[in-house]
């Protein structure tokens, strides 16, 4: 059994004041992996009905800037937020429904994760997005193919 995160301590540790909107946004992102901004706003408003869109945007920006959450934006998608930070994991995105899932870094020989020319940069992270079809969309396509004349 895992213990729930201590959101007030996380905020203080990042140098942020503990406020109800910040606590609510942290809770929403932890509860809904890869949530877009509209989802976060909807979840936050369940507990804080008067919170503004701008307040949620500001909190997301502050939490991202301090490293408490991570913002990802796969090509053609809106920004998404996740609580899994600091481990340099990657993502897989379904081309059909847009579902996003975490993928741990490849192990062993991974030449695509080593820059052929780092241009003098000190590289500390690689962002990889795998694209494909999730099991649900694959099953739906197979079912549709079986029905087609």
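The values are calculated or read from the model by the stated rules, or taken from the named source; none is laboratory data. The structure displayed is predicted, hence computed values, not measured ones. Cβ coordinates were reconstructed from backbone atoms using ideal geometry, including for glycine residues, and neighbour counts include every protein chain displayed.
Some observations on this one:
- Unmet requirement for residue 123, which otherwise passes all of (1) exposed (fewer than 12 other Cβ atoms within 10 Å of the Cβ); (2) in contact (Cβ under 8 Å) with a residue 12 or more places away in the chain; (3) under 30 Å from residue 5 (Cβ atoms): (2)
- Residue among 101, 115, 126 that is outside the structural domain of residue 34 (by TED's automatic domain parsing) and under 12 Å from the mean Cα position of the chain (by Cα): 101
- Scanning the range 18-30 for residues that are in contact with a helix residue (DSSP H, G or I) (Cβ under 7 Å, 6 or more places away or on another chain) and either exposed (fewer than 14 other Cβ atoms within 10 Å of the Cβ) or more than 15 Å from residue 56 (Cβ to Cβ) (or both) gives a single hit, 18.
- Qualifying residue in the range 134-146 (condition: in contact (Cβ under 8 Å) with a residue 12 or more places away in the chain, more than 24 Å from the chain's Cα centre (by Cα) and within 20 Å of residue 92 (Cβ to Cβ)): yes
- In the set 14, 33, 24, 28, only one residue is in the same structural domain as residue 59 (by TED's automatic domain parsing) and at pLDDT below 95; that residue is 33.
- Subset tally (residues that are surrounded by fewer than 17 Cβ atoms within 10 Å (Cβ to Cβ) and either more than 19 Å from residue 77 (Cα to Cα) or in contact with a helix residue (DSSP H, G or I) (Cβ under 8 Å, 6 or more places away or on another chain) (or both)) for the range 49-61: 7
- Filter result (in a loop (DSSP other than H, G, I, E, B) and surrounded by 14 or more Cβ atoms within 10 Å (Cβ to Cβ)) within the range 62-78: 66, 68, 69, 74, 77
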